[in-house]
Each structure stands twice: as structure tokens, then as C-alpha cells.
Amino acid sequence: MLSSLFQRTKPLRVVLCAGAAALTISACASTRSNGPLPDYAAAPAAQAQQGLVELTARYRANPRDKATIIHYAAALRAAGQSAQAVAALEQGISHYPNDADIAIAYAKALTADGRFEQSLGVLERVIRPDAPDWNALLVKGAALDQMGRNQEARQVYGQALAMAPGEASIEANLGLSYAMTNELALAERHLRRAAQMPGANSKIRQNLALIVGLQGRFDEARTLYAAELPPDQVESNMAYMRSMLTQQNRWDAIAKG
């Protein structure tokens, strides 16, 4: 099943909870205006590492600053340190027990750490039925998807799109939800739509390339990757994509299709 394959394949893994383009450190002064939470996952590795170094220093200097806590946790998640991100946000919640932004960031970190039920519990206390925050809905959908509750996740993404119809991260997550159930044509449709929206980042376009390639359109996938990655990484991704197809016994079917 495609979902289990994605969970095993880190270099080409689809990334749920996709956010807007990585924010610069100076953006810490204004974390939210009902816009997306910070996401450093799409930043180049060197930039992400430098951002983490700077944010670590800021956090140590002032661990009670709300914006710094949220950005620091996002940088930790991008570096694969989800447990540390959870710990930082637990400290943040102790300082801001009723703050929705901190709670949503905490739920996002819990989801990244595989603690899906706990994440949903946090979100249920945050999401207002009369005026839900689309960031909270996005995280809820990602948690549900990764629990295999894909139909529920898609309903939640639909709610989020009603609140923020132009938000690329929601459309992308909807596409990845379909990828998890091997509905690749639908996945591609939503990822193409997301890639054309303002705020679409490189991770969204790389996920689109992956879905295109998994349908056997390798030249098109290579072109999409080439627009985002240096040549050596393009070839690495193409080789890995073929290995994914081989593992799933899909190669012969695509070759004949």
C-alpha cells in the first residue's frame, strides 16, 4: 500500500503538514495574523541549519518569548528533532496555557513525533466549531491521514479550504491524502493546483514530481525535479522513485500501461 511505502522511504517521503515557504528569522516578531505557522522544512539544508543555530541562541536567551518558541520548535521539526520540539512547546504551554498559536504548534510537533491521538486531543480543545482556525484543521487532517483515517482527513481539509481557499498547504495535503490511498490521478490534480498557488514551496513541487513519476511519466517527473534540485539530487530521486515502484511490484504494470 502506498501509505506504508511513504512511511518507509525518507528521501522521497511525502510531507504532510506542509506549510508556506520557510520564514526568515526576522519574521519572529509577527508569528501569526491568521496566516500559516512557520515551516522550515522547505528551506535549503544549510539555511535551515543556520536558522536553527540562531533560533537556539534566541530561545536560550529568552525562552518565554512566544514567537521565538514557535519558530524554534518549527526549526527543530525541520531538523528531525521532533521530540525536542515537543519539549520546547510543552514549556511554551506552561507560559501560555490558553494561547491557540502555541497549542496548534504543539499539536503539529506531536503529529511529527507520531503522537497522533495526543495531537488530536490538543486540537479538540483549540478548534472552535463556530470559527475554526485553518492551521488547526490542517494539523488535524495530517494526524488523521497518518492514522489511516483518510476520509475523515479529507473532510477536515475541506473545512480548512472553506476558511482559507487560496492556501497551498491545505490543497497539497489533500493531494497527499489521495496519494496515501493510491489514488494518484486525484493526488496529482490537487498537488498541481497547490503548486500554482501563492505560497507554494519546493516541497509541494517535489511531491508533485514524485506523484507524476509514480504514474510512469518519468521524463515529466525529471523536469519537475530539475526545476527544484541540483542534478545529482535529481538523479538520486529518480533512482529512488524506480526502487519504490519495484518494491511495490508496480513497475511491470506501469511499463505496459
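The values are calculated or read from the model by the stated rules, or taken from the named source; none is laboratory data. Note that the structure is a prediction, hence the values are computed from the model and not measured. Here the Cβ is made from the backbone with ideal geometry for all residues, glycine too, and neighbour counts use every protein chain on show.
Structure data summary
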read-out: Residues satisfying the stated conditions in segment 222-257, i.e. in contact with a Leu (Cβ under 7 Å, 6 or more places away or on another chain) and modelled with pLDDT of 95 or more; value: Leu224
read-out: Cβ pairs under 9 Å, 6+ apart, first in segment 40-64 and in contact (Cβ under 8 Å) with a residue 60 or more places away in the chain, second among the aliphatic types (A, V, I, L, M) and not in a helix (DSSP H, G or I); value: Ala41/Val15; Ala41/Ala18; Ala41/Ala22; Ala42/Val15; Ala42/Ala18; Ala42/Ala20; Ala42/Ala21; Ala42/Ala22
read-out: Residue among Arg217, Arg189, Arg193, Arg242 that is more than 21 Å from Ala45 (Cα to Cα), surrounded by fewer than 17 Cβ atoms within 10 Å (Cβ to Cβ), in contact with a Phe, Trp or Tyr (Cβ under 8 Å, 6 or more places away or on another chain) and of a type in the set (Lys, Arg); value: Arg242
read-out: Hits in segment 132-159 (condition: of a type in the set (A, V, I, L, M) and touching a Gly at 6+ places or on another chain (Cβ under 7 Å)); value: Ala153, Val156
read-out: Top-ranked residue of segment 106-126 - restricted to ones that are of a type in the set (A, V, I, L, M, F, W, C) and surrounded by fewer than 24 Cβ atoms within 10 Å (Cβ to Cβ), ranked as farthest from Leu174 (Cα to Cα); value: Val126
read-out: Residue count for segment 71-120, restricted to those that are within 16 Å of the chain's Cα centre (by Cα), over 21 Å from Ala42 (Cα atoms) and among the charged types (D, E, K, R); value: 1
read-out: Of all residues making up segment 106-137, the number that are outside any helix (DSSP H, G or I), over 17 Å from Gly148 (Cα atoms) and not hydrophobic (A, V, I, L, M, F, W, C); value: 5
